[in-house]
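The values are calculated or read from the model by the stated rules, or taken from the named source; none is laboratory data. Remember, it's a predicted structure, so these values are computed and weren't measured experimentally. Note: ideal-geometry Cβ built from the backbone for every residue, glycine included; neighbour counts use all protein chains shown. Keep in mind that these areas ignore ligands, DNA and RNA; they rest on the heavy atoms of the full protein, side chains included. Shrake-Rupley method; radii C 1.70, N 1.55, O 1.52, S 1.80 Å.
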Amino acid sequence: MKKLKKALVLVTTLALAVTAAACSGGTKEGTAAEGSDAAAKKYTIATDTVFAPFEFTDASNNFVGIDMDILEAIAKDQGFEYEINSLGFDAAILAVEAGQADGVIAGMSITDKRKNTYDFSTPYYEADVTMGVAQGSDVASYEDLSGKKVAVKTGTNGADFAKSIADQYGFEITEFSDSPTMYQDVIVGNTVACFEDYPVMAYNIQQGAKLEMPGDIREAGSSYGFAVKKGENAELLEMFNKGLENIKADGTYDAIIDKYTK
């Protein structure tokens, strides 16, 4: 009788152990299903090095700007993690194309040509183009550029606009990889003018760049967008769009723009 009782106890114990193991396994599978790869992933976001007020290093050596603050606010709203890889504009977009970065935010204009390679978010900024000249310059209009050299930053609205009118007004274009070098070239007189997105030019003049905008010339530019490689990281793009909508609705977006432009 004791042997029978012991056998029954053993069978019951084994049954309970199997049941507990099964329940435990089910809980782990459920947790894994709830926490998708997208939620657990830490995204690498490429950006420019110096494109104030959209991305730049402040006096405390922190990387800041409109793009950086918008990305931070969206990531907080949507609950994803990321790390910034500051590469320079050309290298940033190539990093995404090569799969070395998951996305890029760098004052990147949404163009039909780029749509062949990248998927873009909802536009997060509308930027006009303006012309800058050295302080005291006698260049006051496009006509004054005839026979002279004009500076642009590669891959920007300003570069596209300058190229579109270069033949009409008879000037030569010199390209630079970053805005500070472009500005300095104009200031020292190697080139007589530069074309740049208005908020970028205005911010740099506000910060002390020895430039001016003759007649406050403003031309229609294009929309900035966050981008991922075409056909990839759709979940990241969706989170960006949802987060952008939310931070616009709650006033966070306007506060960020005002912080750097007023």
Quick check on the range 138-153: of everything there that is open to solvent by 40 Å² or more (accessible area, probe 1.4 Å) and not acidic (D, E), which residue is modelled with the lowest pLDDT? A140
Lone qualifier among T49, T44, T117 - being touching a strand residue (DSSP E or B) at 6+ places or on another chain (Cβ under 7 Å), in contact (Cβ under 8 Å) with a residue 24 or more places away in the chain and either open to solvent by 40 Å² or more (accessible area, probe 1.4 Å) or among the acidic types (D, E) (or both): T49
With M182, M239 as the choices, which residue is in a helix (DSSP H, G or I), farther than 17 Å from T122 by Cα, at pLDDT 95 or above and of a type in the set (A, V, I, L, M, F, W, C)? M182
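Would you say D160 is in a helix (DSSP H, G or I) and of a type in the set (D, E, K, R)? Walk me through how you get there before you give the answer.
Working: in a helix (DSSP H, G or I): yes; of a type in the set (D, E, K, R): yes.
Yes: the conditions hold for D160.
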Over 21 Å from G65 (Cβ atoms), of a type in the set (S, T, Y) and either open to solvent by 10 Å² or more (accessible area, probe 1.4 Å) or touching a residue at least 12 places away in the same chain (Cβ under 8 Å) (or both): is that true of S164 in this structure? yes
Would you check which residues across the range 81-107 are surrounded by 19 or more Cβ atoms within 10 Å (Cβ to Cβ), assigned to a loop (DSSP other than H, G, I, E, B) and out of contact with any Asp or Glu (no Cβ under 9 Å at 6 or more places or on another chain) and list them? A101
Report whether or not G158 is open to solvent by less than 10 Å² (accessible area, probe 1.4 Å), over 17 Å from the mean Cα position of the chain (by Cα) and not aliphatic (A, V, I, L, M). yes
Which members of the range 167-179 meet the condition of being open to solvent by 40 Å² or more (accessible area, probe 1.4 Å) and assigned to a helix (DSSP H, G or I)? D167, Q168, Y169
Among the listed residues V152, V139, identify the single one that is touching a residue at least 40 places away in the same chain (Cβ under 8 Å) and within 19 Å of P199 (Cβ to Cβ). V152
Quick check: anything in the range 197-220 out of contact with any Leu (no Cβ under 6 Å at 6 or more places or on another chain), modelled with pLDDT under 95, more than 23 Å from A106 (Cα to Cα) and of a type in the set (G, A, S)? yes
Would the range 195-203 turn up any residue that is open to solvent by 50 Å² or more (accessible area, probe 1.4 Å) and of a type in the set (V, I, T)? no
